[in-house]
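Undergrad: Below are the structure tokens for one structure; questions will follow.
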Amino acid sequence: MAERCAKYFKAGARFAKWRSVLKISKTCPTQLAITENANVLARYAAICQSQGLVPIVEPEILMDGDHDLTKAVQVTEDVIAACYAALSLHHIFLEGSLLKPNMVCPGQDCPTKYTPAQIGEATATVLRRTVPAAVPGITFLSGGQSEEEATIHLNEINRDPGPKPWSLTFSYGRALQATVIKTWAGKPENVKTAQQALLVRAKANSEAYVGKYTGSGAGAAASELLYVKDYKY
């Protein structure tokens, strides 16, 4: 990996990302899974920094399952705490790293429906308990939420009144691109319309980043659920 990092640094890359995936069930994640995933992320981060790259550390807990918000808080807290314990043991320069976690959400099949404010509070609380202030930024993944859900939840996280010493922003895939790709449909004549759709979502998330989103990006397409069971890419 060190050779590959050196190659891509020479080609102009300055960031790298490693995604480790866990899911919640009656038996998962085990402590062994949490520990081993944290160690893998820490080793990757150390190699990246040795070659001049900024490691984006991505411990993702999937939305699969019927667990409630309390369980999601507990597991996400355990996972992120384990990550930073491992990063410390590997002497990672935290100021030169980023965290890309899931937002703390209940399982997709959970019968209880929570408000965006509850999701925001739960996520901000977990981060305060686990992420050192030295980390400059937390760039959330969307994890199968609809475009609008991901924006609203980011807004609520940034509106949380507690201390937030990091930049809390977005690094979405599906929740930034779904409407854009559908609008474009691979046709040259749709490019300008697709670009406008991208600007709508980018503006909405930029407003959410400062806790000032008021619904400018809402619509039927933006509210379409993007969840895929056992998502892989």
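Undergrad: Skipping prolines and chain starts, which residues have an amide H placed within reach, meaning under 5 Å, of the one on S20, given they are 5 or more residues away or on another chain?
TA: For S20, whose amide H was placed from the backbone, the distant partners under 5 Å are E58, E60.
Undergrad: Among K23/K71; K192/K229; K113/K229; K23/K100; K26/K229; K71/K100, which pairs are too far apart, with a Cα-Cα distance over 22 Å?
TA: Over 22 Å Cα-Cα: K192/K229.
Undergrad: Would you check the accessible area of V79, probe 1.4 Å, heavy atoms only, in square angstrom rounded to 10?
TA: About 10 Å², ignoring ligands and nucleic acids.
Undergrad: Along each of the three principal axes of the Cα atoms of the chain, give the extent in whole Å, ordering the values from largest to smallest.
TA: Ordered largest first, the chain gives principal extents of 48, 46, 33 Å.
Undergrad: Right, next: Which FRET efficiency value, to the nearest 0.05, do you get for T125 and Q196 by plugging their Cβ-Cβ distance into 1/(1 + (r/R0)^6) with R0 = 35 Å?
TA: 0.40
Undergrad: Could you give the distance between the Cα centres of the stretch 104-180 and the stretch 60-74, to the whole Å?
TA: Comparing the Cα centres of the stretch 104-180 and the stretch 60-74, I get a distance of 13 Å.
Undergrad: Compare the Cα positions of F93, H67, T112 along the charge dipole of the stretch 57-124 (+1 at Cβ of Lys, Arg; -1 at Cβ of Asp, Glu; about the Cα centre) and return the one farthest towards the positive end.
TA: Comparing the listed Cα positions along the dipole, F93 ranks first.
Undergrad: Between F15 and T27, what is the spin-label point distance in nm, taking each point 7 Å from the Cα along the Cα→C-beta axis?
TA: 3.8 nm
Undergrad: Apply the Karplus curve 6.51 cos²θ - 1.76 cosθ + 1.60, θ = phi - 60°, to the phi angles in the stretch 52-63 and return the couplings in whole Hz, x for Gly and Pro.
TA: Ordered by residue, 3J(HN,Hα) equals x, 9, 8, x, 9, 9, 10, x, 9, 9, 5, 7 Hz.
Undergrad: Obtain the nm distance between the two label points defined at S167 and A185 by a simple spin-label model: each point lies 7 Å from its Cα along the Cα-to-C-beta direction.
TA: 3.7 nm
Undergrad: Pull up the cross-link candidates among the lysines for K212, meaning alpha carbon to alpha carbon under 17 Å and not fewer than 8 places away within one chain.
TA: Hits, sequence-local ones excluded: K164, K203.
Undergrad: Can you list the HN-Hα couplings for the stretch 172-179, worked out from phi with the Karplus curve (6.51, -1.76, 1.60; θ = phi - 60°), rounded to whole Hz and with x for Gly and Pro?
TA: Computed from phi, the couplings for the stretch 172-179 are 7, x, 4, 6, 10, 10, 4, 5 Hz.
Undergrad: So how strong a dipole does the chain carry about its Cα centre when Lys and Arg Cβ are +1 and Asp and Glu Cβ are -1, to the nearest 20 debye?
TA: Approximately 720 debye in magnitude.
Undergrad: Please state the relative contact order of the chain as a whole percent: Cα pairs under 8 Å, 6+ residues apart?
TA: Computed over the chain, the figure is 18 percent.
Undergrad: So, one more: Tell me, what HN-Hα J-couplings in whole Hz come from the Karplus equation 6.51 cos²θ - 1.76 cosθ + 1.60 at θ = phi - 60° for each residue of the stretch 107-118, using x for Gly and Pro?
TA: x, 4, 9, 5, x, 8, 9, 9, 7, x, 4, 5
Undergrad: Another one. Tell me, what is the percent relative contact order of the stretch 101-163, built from C-alpha pairs under 8 Å that lie six or more residues apart?
TA: Normalised by residue count, the contact order of the stretch 101-163 is 53 percent.
Undergrad: Another question, if that's okay. Sort the following peptides by mean Cβ neighbour count (other Cβ atoms within 10 Å, averaged over residues), highest first: 96-107, 187-198, 164-175.
TA: Top to bottom by mean Cβ count within 10 Å: 96-107, 164-175, 187-198.
Undergrad: In Å², what does the accessible area per residue of the chain work out to with a 1.4 Å probe?
TA: Normalised by residue count, the accessible surface of the chain is 50 Å².
Undergrad: Okay, moving on. Can you pull the percent of the chain's accessible area that's carbon plus sulfur, 1.4 Å probe, other chains left in place?
TA: C and S atoms contribute 58 percent here.
The values are calculated or read from the model by the stated rules, or taken from the named source; none is laboratory data. Remember, it's a predicted structure, so these values are computed and weren't measured experimentally. Every residue, glycine among them, receives a Cβ derived from its backbone with ideal geometry; neighbour counts consider all protein chains shown. Heavy atoms of the whole protein, side chains included, go into the accessibility calculation; ligands, DNA and RNA do not. Shrake-Rupley method; radii C 1.70, N 1.55, O 1.52, S 1.80 Å.
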